[in-house]
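Here's the structure, in structure tokens; my notes come after.
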Amino acid sequence: TEQELANILRASRTPVREALIQLANDGFIEITSQRGTRISLIDPAQVEEDRFMRMCLEHRIAGMACAALSEEWFIRLQSLYDMHKLAFTLKDAKRFFELDEEFHQNICASCGKDRYWEVIRKFSAHLVRARVLNINSGYPVEWELVLEQHGAMLDAMRNRDAEAAARATETHLSRPGWDVKTLQERFGDY
């Protein structure tokens, strides 16, 4: 309950209530009257909707980035890709996921579409949770696939091939590894 959380956190109920409302709005928890809160289950339909929205936005942004990508942005993306490979070598799932997100965020930022990334993040709670499960359970095959596809996106952007960048991004965001049904079989409790 709000009060229990406030006691645990040694905070007043108001900021706890506001945080819970935000978490509920983002789809991470469910608030039930007189019962408290619980972590929401991952909704497969919502995962697909989140994935589709992200694919529609990002494949267009990747094409736009080809025209706008400065040398500085390309170096930043290449650096993120290199760090991503290092996280793979170190088997650091948390950092691997963070770098995956940073890579996509920086593609958006490289062509002035920062707000699009904010929209993607705001409306992707269920997808993010499914992806975290996928990454945490998918070493090394899933991780290698992510790196290969990010490499293809980066190569297309390096060559300023907007069509190839959009295609590589769409392939990346529509691949079977984003399929929540496999995760449901493995992690039914989530």
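At an R0 of 35 angstrom, the distance between the Cβ atoms of Lys181 and Leu90 translates into a FRET efficiency of 0.70.
What does a probe at Ala67 reach in segment 76-115, counting residues whose amide N is under 14 Å from the point 7 Å along Cα→Cβ? What the label zone holds, given the 14 Å backbone N cut-off, is 111-113.
Rg and Dmax, both from the Cα atoms of segment 59-190 and both in Å, are 14.5, 46. Between the beta carbons of Cys56 and Asp114, assuming R0 = 25 Å, the FRET efficiency works out to 0.90 to the nearest 0.05. Relative to one another, the C-alpha centroids of segment 129-151 and segment 26-92 are positioned 12 Å apart. When +1 charges are put on Lys and Arg Cβ atoms and -1 charges on Asp and Glu Cβ atoms, the dipole computed for segment 32-190 relative to its Cα centre reaches about 420 debye. Each label was represented as a point 7 Å from its Cα along the Cα-to-Cβ direction; for Glu98 and Ile8 these points are 2.3 nm apart.
Per atom type, the chain shows carbon and sulfur on 53% of its accessible surface, probed at 1.4 Å. All alpha carbon pair distances within segment 1-144 were sorted into 5 Å bins beginning at 0; the resulting P(r) in whole percents reads 2, 9, 14, 15, 16, 16, 12, 8, 5, 2, 0, 0. Taking the Cα centre of segment 55-115 as origin and assigning +1 to Lys and Arg Cβ atoms and -1 to Asp and Glu Cβ atoms, the resulting dipole is close to 120 debye. Ordering His59, Cys111, Phe88 by the projection of their Cα atoms onto the charge dipole of segment 6-136, which places +1 on the Cβ of Lys and Arg and -1 on the Cβ of Asp and Glu, puts Phe88 at the extreme positive end.
The values are calculated or read from the model by the stated rules, or taken from the named source; none is laboratory data. Predicted model only: the values in this text are computed from it and were never measured. All Cβ positions, glycine included, derive from the backbone under ideal geometry; neighbour counts span all protein chains shown. SASA here: full protein model, heavy atoms, side chains in, ligands and nucleic acids out. Shrake-Rupley method; radii C 1.70, N 1.55, O 1.52, S 1.80 Å.
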